[in-house]
Structure formats: structure tokens, C-alpha cells
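Okay, structure first, notes after.
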Amino acid sequence: MPERPLDLRLAIPVVALWVGAWLAPLVAPRIVLVGALVLGLALALGRRWISGLAIVAVALFLVGVTSISLRVVNLHSDPMSTWAAEHRSVNITGVVTADPEFERRQSFGSGDQLQVRVELRAERLASAGDWIDVRSPVLVVGDGDGWQDIRFGETVSLSGSLRPAPGTRPLAAFVFASVAPTVIGQSPVLLRGAEAMRSGLRSAVAGTGSDAQGLLPALVVGDTSAMPPLLTADLRDSGLAHLTAVSGANVAIVVGVGLLAARWIGIRGYALVWVGLVLVGWFVLLARPQPSVLRAAVMGSIALVAIGVAGRTQAVRSLLASVVALLLVDPWLSRSWGFALSVAATAGLVLLARRWSGRLPERWPHPVREATAVACAAQVATLPLVVALSGQVALLSVVANLLAAPAVAPATVFGAASAAVSPMLPSVAHWLAWLGQWPAAWIATVAHRTAAAPLATMPWPDGWAGGLLGLGCLVVAGAVWRVGSGRRWWRPRRVVVMLVVAVIVLAALVVGPGRWPPRGWVFVACDIGQGDALVVNLGDGAGLVVDAGPDPAMVDRCLDRLGIKQVPLLVLTHFHADHVDGLPGVLDGRRVESVLVSPLREPPEQVDMVASATQGMSVTEAVPGQTGQWGPAAWRVLWPSELITGEGSDANNASVVLLVEVSGVRLLLTGDVEPAAQQAMLRNGAVPRADVLKVPHHGSRFQDAEFLSAVGARVAVISVGEGNPYGHPAPELVESLSDAEMIVARTDTDGSVAVVVDGDDLRVVTLG
């Protein structure tokens, strides 16, 4: 019996719920509620078949607004939020609710060091003799030493200072830890058992080779702690990065194989359902019972429904119902990219995969048709979100996924089995891990070869503009397919339609939203997170680059978009990680003629890295008064004329400060100089007037007001990372710059920032 056509009108209320929950933290709830009521009244007066659906949609919209608004109000009224507003120093007792994440970052006055970010459910606060019992989610940021052995679910005690958290995150406060934590309570028995399995898998796979050793735990439970950096980058560029995150696919594979084994030994009926539930619960414990994993469990269960006997109609209903349930339980998921990607991928599976599989050539083997349809459906469904996030299109993504697909299931199954038996049968676990390493190594090989292929990736506008453009291209492509799918697609009318569509797509790519870089650009501050990567346009594909940011892939992508193929001068203002760790991305495929560095060689780890990466190049230390010229740009070193110690960060105060003049625009590029260096420059008469100021130290509150005033810039550019734990940029600094009638542009909210010469005028154009 043929399946009935899908009725997707029920998706409208689901989208309304999602939009309401997403919008509430950004807009005053009263405005949203009034607008929704007016809209609902207007629709209710329309056609009867619309009004019922509209009323449900508006009701769910209001539910979304209300649910997250109540949570925001609850967080803001939390006693911890009050103490955070007072910047109190506290002792905190709480439960670890996520695995600690480590990275090397810059810290005030301490150079480069290992830092930790970990989510905690605070349960007791003590400050200056006061104490309160709470149950508040916080994000702890601090020195990574002492956190390496902390495990999910343990109760810890620590000291630190509180800072307010932004209203768009489900946090009561940030905690800047001042000492290492003390474990005062073990995690529950089930979590300890799951941790034993995770560590058993890591031990079992140790020694199998760097790629497989890092990739197998990532494939099974999302443990990326041993992933090689090169493999991480190549997985991203080949469109395979989704394999290292716990997703519905992991759940579907593990539970699906478990159910097949249960049926093989004769389990039937409701007993089979219980087996499935136990397997889902076990996997959730193994991968950590966090929101992302619980979401993956739901989506994986839907995937099993989709590929089972229930049919598309039931699968779509299950998907919509699950989205509603998840958003009602945790409305913060509406702001999660991971949740959006999971829903999109699952929707592609249930709506497209089966239909596309049936339309592929019958002479293809059935497994090949299924794999091709699933890969294509997932890629198409998630494309707008992926390009919005990454700013690039992995052109070989479908090919890479098709090549990797046969290896995903065996690697996941062998890895999960190895984890399951590792506490009791370590030798068997090693044998299973040995079997799992071969498909994992194949996936790594596919990633490396695909990422290295010519035209593996294509730059694309990121953010909302890129996502909407990607969605528009999919709609246009679908229209072309429909027009051309008729028997006589060559009819003149259809040919004309396809030509017009092709022209529209080409125009959208060339001059549509997100065109980058803008014509007449002279300077760009790249959006590379918490760090600096600045580019001065020298023309003909050449650029003067100041700093390289913290991430090679991000700075490489920014330079690719700007068309920079040659770097006559690379300036590394100082050696902190957020200014030099992206150096391999600058060097990738570009000719760098000379490098100018700070005379203070600290911290030593980054100094050694830079020395190794620039071996054979012309590397010199900056000297005040040093000048140079290339094409339309002339530059002069203003600082450091002395090394300041003991007043803030020595490395920051030794930053190279550069004055660049290009196309009549004067740019003052200041690195991370702090007030001590700024005041010394003022005393030495080394502070020139400039049109554009790169605000020192990512907009830190540590600035000298006289220094900023002396520059007299028209444009102030702040290179800073979104959601950084340092509170950059300081609100009072942004306000003072605006009060001084400067145009303030910041990469955390605006994306990459370009300064453009338009005749006699100076404009700022942003990519975000």
C-alpha cells in the first residue's frame, strides 16, 4: 500500500516554538508577547483551515518565549547573580557537569599557560562569612593545573571570583578560579563505571597509531582528547568532522547492532524493546548524560524508526514530537548549533533518503544506493547550517562521506564493544580495539587525502548571510531539478528558466549578500576568535599581515577570502598564543618574505614554535624608527623602545606598535600594549594621530585614556573573541570610545571588520 503524502503543516507550530525560545533572550519578553498576540488575532480572523494551525503556532510561540524567559529571570534573580554583579571572591562547592576542556591561552601577566573551562552545578557559596545554598549552573575558567584528574559527576571545592554571565547563555555566573580544585565527593556508581569503560577504551587503543588512537574514542563516545591537530583540521575540511561528535548516528549504530544480536538469539516482542532501552541508557552513560548526548539519543531513536518499518509519516511525526519535547524540557537547545544540525540531519534522513534511494539506478547494489542516498540527504539538509558555521563549502564532502561510510559502523561497534568489556577483560578489549583501528585508520586516510585534494573547499560567506545564501541555492537547485525532470526538459521555456536560475545563483555568489572583501578595502581585522590577525591591503594579492591569531585554519580561511597569496612582511607583535599559534595558517601556500618580531622572547614555548615555523626566512627584531614600504603602503615601528617589567604583562608591554599609511589612511596597530607602555609612548612623543586605531589588548579595561585621546582616531577596531571569559571588550571602554565619536567595530559581534576608502570618505564594512 503506497504511503500517504506527507502533511508538513505541523512543522509550522514546531518552528514557532523554536523561534520563540530563540528570540526571548534577545528581545524584551513583553514586546515578543504583544507581537505574538497581535499576529495570532490577525490569523484567527482568516480562513478557518489556517486559524486552527495559526492558534497552535502562536500558542507554542508563547510557550517558547515564556519558558526561556522564566529561566532567564530565574538565573538573574539567583543569589549567585547578585554576588557576581558585586565581583565577589567566593568558595564554591559544586558538581562537575561536563568534562574539563583544556587549551593553551594567554593569561593576564603570566604569558601562555594551560587553561581550563568546565561546567559546574554550584551547590554552596561562601564569601566573607556569608554562605548560601544554591543550585546554579556556572562556567569555571582558570589555570588548568589540578584539573586533569577531575571527572564528570565528582563534587569539588574551589575558590575564585564571580563575574556576570551574558543573558544568552544558561549560566548564573562565570567563576575565575584562583586555586586548583579539591575533590570532596565521588561521582555516582553508574558514572564511575562508565568512566572505567572510557579509560579502558583509551588504554586499549593506545599504541595503535596516532590517528586511530585519537579517532576511535572520538568516533565512539566523542572523546577528542587524543586527536592529532592535523587530523582535526582535515576532518573539518573534508566534511567528516561530524563523526567525532556524539550524534544520533552513534546511537543508531550501537543500538541497531545490539537489537540485531538480540533478535539473532531469539529475543522478541516487548523484551526487544527493553533491550533497546537498556542499550540507549548504557550508551548515554558511556558518552556522558549531558544535553548533547541526550539529544543524540533521541535523534538516534528517531533514525531507527525512519529506517525501520514505521514509514516516513510516523518518522516525521516522531521527529516533530521529539523536537517539541526537547525544547520544552530544555529551551536553551533553541540556541544550540548542535541541536539544529541534529534536527536537520534527521529530517534529511526521514524526508529524503528513502525517496532518493529509490530513484538511483537499480543496477547499483542496494547497500551502495542506501549509503549514497543517506550521505547526500544529510549533506543537503545540513548545508545552510554548515556554511553559516564554517564559512566554507567542502566540495568533496559527499565523496568523503561515501568513502568513509562503510568504515563508520565497524569502527563504532568494535570501539563500543572494547569499552564495554575493558574493565573485566582488558586483553579482549585490546583485541577488539585492534580490529577497530583499521576502519578508523581508513577514515583518517580519507580525511587526509580529501582535504589535500585541489579545490577541496570553497570559501563562502559565514553567519546568517552565508546560511541564507546556501538555503537559497538549495531552493534554486530544487527548482531546476523539478523543471528539468520532465520528459521534454529541453523545451525552450524550460531552458530559459534554467538559464535565468543559473544567472541568479551566479549573481548571488558574486554580488549578493556576504560579498567579501568589499571594494576599496585597505584594512581588515579577521574574525579569528580571541586574538589578533590583521591585514593591510598591498594590492595584487599581497598583504601586510600583523599577527596570526590562535587558530591556523581560521587565519588561513580569512586570508584566502581576502585573496592574499603573498606576504611581503609578517609582524608578530609578541609571542602570546593568541597572536602566533595560527602562524602555520599564514604560511600555508603563501610566500612570506620577511618576519618582524618583538625583542622580548617570551613565553619560550611559543618562541620555539615560531623559530621552527620560520626557519630559513628573514626574521628580525623590531627597532623603533625602523621603516619600510611596499606598493601603496608605508610602515614605521614606534615601539618598543624599552622593555617594561613588573607592570602588568611583560610580553604585552613589549608588543610591536606599528604605524601604517595606505591609500591616505593612517592605521595605528598596537598589539597588546598595556597602560605602562602606553604612558611611556606618550612620554617619548611616539603617539601619532591616526584615522584607525586597533584598540590594544582586545579592548581590555586596562587602557590609558590620554593615550586613546591622543590618537584621535575616527574608527576604533577591537579584535576580540565572542563569549571570552575575560570580559573583553570592557563595556566602559566601548562607551568611552563611542563618546569620543569614534566608530567602534568589534569582531565578536560584527565578524571580520574592513576599513574601506570610498572616494574621500572612510567607511566600515563588516562580514557578520
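Return a yes/no flag: does the stretch 651-672 have any residue that is within 30 Å of the chain's Cα centre (by Cα), of a type in the set (D, E, K, R) and open to solvent by less than 10 Å² (accessible area, probe 1.4 Å). So far as the stretch 651-672 goes, yes, one or more of its residues are within 30 Å of the chain's Cα centre (by Cα), of a type in the set (D, E, K, R) and open to solvent by less than 10 Å² (accessible area, probe 1.4 Å). Which one is surrounded by the fewest Cβ atoms within 10 Å (Cβ to Cβ), of the residues in the stretch 616-636 that are in contact (Cβ under 8 Å) with a residue 40 or more places away in the chain, within 13 Å of SER594 (Cβ to Cβ) and of a type outside the set (Phe, Trp, Tyr)? Here the answer is GLY628.
If the condition is being open to solvent by 30 Å² or more (accessible area, probe 1.4 Å) and either among the aliphatic types (A, V, I, L, M) or free of Cβ contacts under 8 Å to residues at least 24 places away in the same chain (or both), then the stretch 158-191 contributes VAL179, ALA180, VAL183, ILE184, VAL189, LEU190. From the list ALA194, ALA212, ALA204, the lone residue that is within 23 Å of THR155 (Cα to Cα) and open to solvent by less than 10 Å² (accessible area, probe 1.4 Å) is ALA194. Screening LEU60, LEU8 for residues that are modelled with pLDDT under 75, of a type outside the set (Ser, Thr, Tyr), under 32 Å from the mean Cα position of the chain (by Cα) and closer than 19 Å to ALA340 by Cβ leaves exactly one candidate, LEU8.
Among the residues of the stretch 386-395, some residue qualifies, meaning at least one is over 19 Å from the mean Cα position of the chain (by Cα) and in contact (Cβ under 8 Å) with a residue 24 or more places away in the chain.
With respect to (1) touching a strand residue (DSSP E or B) at 6+ places or on another chain (Cβ under 8 Å); (2) crowded, with 19+ Cβ neighbours inside 10 Å, the lone exception for ARG354 is condition (1).
Residues that are at pLDDT below 90 and among the basic types (Lys, Arg) within the stretch 566-612 comprise ARG590, ARG591, listed in sequence order.
Here's a check for you: in the stretch 233-275, which residue that is part of a helix (DSSP H, G or I) and hydroxyl-bearing (Ser, Thr, Tyr) is least open to solvent (accessible area, probe 1.4 Å)?
That would be THR244.
Suppose we keep only residues that are at pLDDT below 75 and open to solvent by 70 Å² or more (accessible area, probe 1.4 Å) within the stretch 78-104. Which one would you say is farthest from the chain's Cα centre (by Cα)?
Taking the stretch 78-104 and keeping what is at pLDDT below 75, we get 78, 103-104.
From the residues that got through so far, the ones that are open to solvent by 70 Å² or more (accessible area, probe 1.4 Å) too are 103-104.
Values: GLU103: 15, ARG104: 17 Å.
Only one residue fits best here, namely ARG104.
Scanning the stretch 637-650 for residues that are open to solvent by less than 10 Å² (accessible area, probe 1.4 Å) and hydrophobic (A, V, I, L, M, F, W, C) yields VAL637, TRP639. Taken over the stretch 314-357, the criterion of being more than 25 Å from GLY239 (Cβ to Cβ) and over 29 Å from the mean Cα position of the chain (by Cα) is satisfied by GLN314, ARG317. Residues in the stretch 723-768 that are under 19 Å from LEU667 (Cα atoms), of a type outside the set (A, V, I, L, M) and assigned to a loop (DSSP other than H, G, I, E, B): GLU741, SER752, GLY759, ASP760. Please verify whether ALA713 is within 19 Å of ALA525 (Cβ to Cβ), of a type in the set (Gly, Ala, Ser) and in contact (Cβ under 8 Å) with a residue 24 or more places away in the chain, treating the condition exactly as stated. When the stated conditions are applied, ALA713 passes them. For beta carbons closer than 9 Å, sequence separation of 6+ or different chains, a first residue in the stretch 125-148 that is farther than 17 Å from PRO164 by Cβ and a second that is of a type in the set (S, T, N, Q) and at pLDDT 80 or above, the qualifying pairs are ALA126/ASN91; ALA126/THR93; ALA128/SER89; TRP131/ASN91; GLY146/THR182. Considering (1) part of a helix (DSSP H, G or I); (2) surrounded by fewer than 17 Cβ atoms within 10 Å (Cβ to Cβ), the lone condition that PHE707 does not fulfil carries the number (2). Contact map, the stretch 85-98: first residue without any contact (Cβ under 8 Å) to a residue 12 or more places away in the chain, second residue part of a loop (DSSP other than H, G, I, E, B), Cβ cut-off under 9 Å, separation 6 or more or different chains; the map is empty.
Taking each residue of the stretch 358-371 that is closer than 11 Å to LEU402 by Cα and looking for partners that are at pLDDT 75 or above and not aromatic (Phe, Trp, Tyr) with beta-carbon atoms closer than 7 Å, six or more apart or interchain, yields ARG369/SER357; ARG369/LEU360; GLU370/SER357; ALA371/LEU402; ALA371/ALA405. Looking at this structure, is PRO406 closer than 30 Å to ASP551 by Cα and at pLDDT 80 or above? Against the criterion (closer than 30 Å to ASP551 by Cα and at pLDDT 80 or above), PRO406 does not qualify. Hey, among the residues in the stretch 306-331 that are more than 18 Å from GLN290 (Cα to Cα) and assigned to a loop (DSSP other than H, G, I, E, B), which one's modelled with the lowest pLDDT? So the residue we want is VAL309.
Among the residues of the stretch 402-434, what is the count of those that are within 25 Å of GLU370 (Cα to Cα) and open to solvent by 20 Å² or more (accessible area, probe 1.4 Å)?
Of the residues in the stretch 402-434, 9 are within 25 Å of GLU370 (Cα to Cα) and open to solvent by 20 Å² or more (accessible area, probe 1.4 Å).
The values are calculated or read from the model by the stated rules, or taken from the named source; none is laboratory data. Computed from a prediction, not measured in an experiment: that's the story for all the values here. Reconstructed Cβ throughout: ideal geometry from the backbone, glycine too, with neighbour counts over all protein chains shown. For accessibility, only protein heavy atoms count, side chains too; no ligands or nucleic acids. Shrake-Rupley method; radii C 1.70, N 1.55, O 1.52, S 1.80 Å.
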